[in-house]
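Here is the structure we will look at.
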Amino acid sequence: MKRYLYGPIKSDLEKKMVFIGGPRQVGKTTLSLSLLGPNTKINSLAYLNWESLVDREQILGQKIPSRQKIVVFDKNRNEVNFIVTGSARLDHFSKGGDSLQGRYHYYRLHPFSLGRY
């Protein structure tokens, strides 16, 4: 099932980094993995989780997968487009003069809800 933000995020990835925020357990990781391609799993080279010590060392050592078109950082743009996810205040920088100002799109993902019938 494609989420309502799939199309806009896919389009914005061609221009800037994308930050996906929202409460825990709403599907940020699942949405991000779906943007990498069908059947992409968490053990993909393009998925880096800050909570994984191996992934953290790779990020801090600036060993970003070079052959990946999109890289997901769960929790600088050259030829790679980044998706950063997290339940924290990822939109914090939009309110300040940080160097990321104007260099990313922020989306807030909401939980599924049942419609009225």
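Taken as a whole, the structure places residue 33 among residues that are modelled with pLDDT of 85 or more and under 16 Å from residue 6 (Cβ atoms). Going through (1) surrounded by fewer than 19 Cβ atoms within 10 Å (Cβ to Cβ); (2) out of contact with any His (no Cβ under 7 Å at 6 or more places or on another chain); (3) not hydrophobic (A, V, I, L, M, F, W, C) one by one, residue 16 falls short only on (2).
Within segment 28-54, the set of residues being among the small types (Gly, Ala, Ser), in a loop (DSSP other than H, G, I, E, B) and either over 12 Å from the mean Cα position of the chain (by Cα) or surrounded by fewer than 19 Cβ atoms within 10 Å (Cβ to Cβ) (or both) comprises 37, 44, 52.
The values are calculated or read from the model by the stated rules, or taken from the named source; none is laboratory data. Small disclaimer: the values here were computed from a predicted structure and weren't measured. Neighbour counts run over all protein chains shown; Cβ positions are idealised from the backbone, glycine included.
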